[in-house]
1. Could you grab me the full set of residues in the range 171-189 that are touching a Ser or Thr at 6+ places or on another chain (Cβ under 9 Å) and either more than 16 Å from ligand 1 (Cβ to nearest atom) or on the phi > 0 side of the Ramachandran plot (or both)?
2. Assess whether Val295 counts as being of a type in the set (Val, Ile, Thr), open to solvent by less than 20 Å² (accessible area, probe 1.4 Å) and over 19 Å from the mean Cα position of the chain (by Cα).
3. Being of a type outside the set (D, E, K, R) and surrounded by 17 or more Cβ atoms within 10 Å (Cβ to Cβ): is that true of Val577 here?
4. Residue under question is Asp254, and the condition is that it be in contact with a Pro (Cβ under 8 Å, 6 or more places away or on another chain), surrounded by fewer than 24 Cβ atoms within 10 Å (Cβ to Cβ) and more than 16 Å from Gln215 (Cα to Cα); does it hold?
5. Within the range 311-322, which residues are within 16 Å of ligand 2 (Cβ to nearest atom), within 17 Å of Gln215 (Cα to Cα) and in a loop (DSSP other than H, G, I, E, B)?
6. Among the residues of the range 330-350 satisfying the criterion of being near ligand 1 (Cβ under 9 Å from one of its atoms) and under 17 Å from Ser264 (Cα atoms), which is most open to solvent (accessible area, probe 1.4 Å)?
7. Just a yes or no: is a residue in the range 597-613 within 26 Å of the chain's Cα centre (by Cα), under 26 Å from Pro327 (Cβ atoms) and within 16 Å of ligand 1 (Cβ to nearest atom)?
Amino acid sequence: MFQFSLRICSARRPKLQPQTISFFQKSITCTLSRSMASKSMTINPPRDPNTLSNYNNFLTKHTVANFAIDFEKKRLDGNVVLKLQSISDSESKDVVLDTSYLEIKDVSVKGGTLSNWQLLPPLEPYGSALKISLSKEAEKGQFLEIDIRLQTTDNCTALQWLTPAQTSNKRHPYMFSQCQAIHARSVFPCQDTPDVKSTYDFNIHSTLPVITSGQATGVKDAEPSVNGHPSTSLYTFTQPVPIPSYLFALASGDIATAPIGPRSTVATGPEELESSKWEFEADTERFIRTAESLVYPYAWSTYNVLVLPPSFPYGGMENPVYTFATPTVISGDRQNVDVIAHELSHSWSGNLVSNASWEHFWLNEGWTTYLERRIEAVVRGESHRDFSAIIGWKALSDSIAQFGEESEFTKLVIDLKGKHPDDAFSSVPYEKGFHFLYHLEKLVGKQKWDRFIPHYFTKFKEKSLDSYDFKASLLEFFDGDQEASRALKELDWDGWFYKPGFPPKPVFDTSMVDVCYDLADKWKSFSSSASESADAFKPQAKDIEGWMANQVVVFLERIQGFEQPLSKEAIHVMGEVYSFVESKNVEIVARYLGVGLISGSEEVKGPTVELLGKVGRMKFVRPL
Ligand code: BES
Ligand code: ZN
């Protein structure tokens, strides 16, 4: 069995008090005004409040990451070379980068002269700024190459290290990264903001196969072991498309690969290879083609999936070239491939066209959820879009209930000054974002809207944008169209952007969920009626025969929403008759256990503990 050591990072972070927040805002202003004091000009703070870097003065254009993976010491050791361009009119002398819990060994500069460097005191939750001072101001347009030698530390919030005992075949260690939203700074110093994009080269030494968010360019085979140290190979990769730091990704372990389509590969543990291949090979290429027909050709040359150990905290992460995915998608029934449709869609929304800051996260996740459901509609049928949207509405309700209807984090555009984006993470940007786009589609009409989609993804390709850029581009696109234009001008933009709580609820096509609701209602009566009358509901396996896993999910979520929990006996019968505990589909198991726990059932406690000891995906861990 897998154990996992998922870090709940926010637990360790001191919560910011209001006065600390204003101190933080001031300190940004001071840093900038000091460096520009002589120029007496107005300073626009960067539009991303979650970085300490001065990316208004310099922009990272290319990054070379040279790392050795040290499984024994559980750290990366090496250097990064950042090629930066000076962009501000006021000549600037300091380069400020984000770091968090890094050990910086040395800094050198090419194309300029280094005066000194220092790690500033931490400004949590953003880490310690690395201030690199030049002896001479950089002129606008000038390039600098900053070479930083570093090691990651035990406090790194982006990397998980598994011992051989924590892997499925128990033979080798494993490591992987998860940088979104602001954890890249705990791997290497960078401008850790989605508003800056850089091309990358990765040169990684490891004793085990390596995967990154770049295209593999070669492997230099094992150098003989020295002084008893295990021998390592050099794995090289390149990412020619500029990407934000949060898409930097690295994994290494006992990894095997198999094809799942003409331009797609799955990578996972050798024992899991066959089942993972089967899970994805029927849909991957179909999804890619459908997405291409909605937007435009796939830009990252190959689309691959790495299936990680169960402690991976997300369902999927859209790392370019290689989506990182939880093994809970390998359910043996191809019923969780919506995760692939989702991560693949990020190849356009998020990875090519990125939110400029995490305050506008809906531009990544709302657009992606929208594209994911458009793919489902084409591949599975139009009713599946609403089916998925109904499940999404339940997730949205849960998130709103958790934060409170008036909470800042239930808005589409949120205020993250002084806050950690992880603390705002919820279904709101996904579902409210989806509903906003769905609403716009209805408002201008689907045919016209479908012409806007490729326009939008072309206009902002390889760029980052905020909600105001989105609004402006939409109004501009429909400028010549009187009808659409009027509708868009009359739209309550501020309401959509800034009103907390639910968006207007559309009328859903409920054709796929009605049977689920009916069955749930029968269980309500089963639970409360002790009678053995002839017409009483008698649960049988065939109640759910032929159902899709998501229909079972809807059924269980409906029961979870009952004011009166089911009886413990009903939970027992349901588990037996529908064989829920034996299901290989964690979406089903986790919800059945949840319903059982609400009912106070003793018999679900053991299986719940067992599941929580195996699976690190937060979607399941948190509710349970
Ligand atoms: N990019 C997200 C995961 C993420 C978000 C990581 C914020 C860190 C910070 C990814 O695309 C995602 O949305 N994953 C979902 C999958 C789903 C909606 C199909 C997940 O993990 O559940
Ligand atoms: Zn996503």
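1. Of everything in the range 171-189, those that are touching a Ser or Thr at 6+ places or on another chain (Cβ under 9 Å) and either more than 16 Å from ligand 1 (Cβ to nearest atom) or on the phi > 0 side of the Ramachandran plot (or both) turn out to be His172, Pro173, Tyr174, Met175, Phe188, Pro189.
2. So Val295 fits the description; yes.
3. For Val577, the condition - of a type outside the set (D, E, K, R) and surrounded by 17 or more Cβ atoms within 10 Å (Cβ to Cβ) - is not met.
4. yes
5. Selection gives Glu318, Asn319, Pro320.
6. Asp338
7. no
Quick grid of which residues meet (1) out of contact with any Leu (no Cβ under 7 Å at 6 or more places or on another chain); (2) more than 11 Å from ligand 2 (Cβ to nearest atom); (3) in a helix (DSSP H, G or I):
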site: Pro309; (1), (2), (3): no, yes, no
site: Phe324; (1), (2), (3): no, yes, no
site: Gly332; (1), (2), (3): yes, yes, no
site: Asn351; (1), (2), (3): no, no, no
site: Asn364; (1), (2), (3): yes, no, yes
site: Glu372; (1), (2), (3): yes, no, yes
site: Ile375; (1), (2), (3): yes, yes, yes
site: Ala395; (1), (2), (3): yes, yes, yes
site: Ala401; (1), (2), (3): yes, yes, yes
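The values are calculated or read from the model by the stated rules, or taken from the named source; none is laboratory data. Just so it is clear, the structure is predicted and the values come from calculations on it, not from any experiment. Note that each Cβ is placed from the backbone with ideal geometry, even for glycine, and that neighbours are counted across all protein chains shown. We work out accessible area using only protein heavy atoms, side chains counted, and drop any ligands, DNA or RNA first. Shrake-Rupley method; radii C 1.70, N 1.55, O 1.52, S 1.80 Å.
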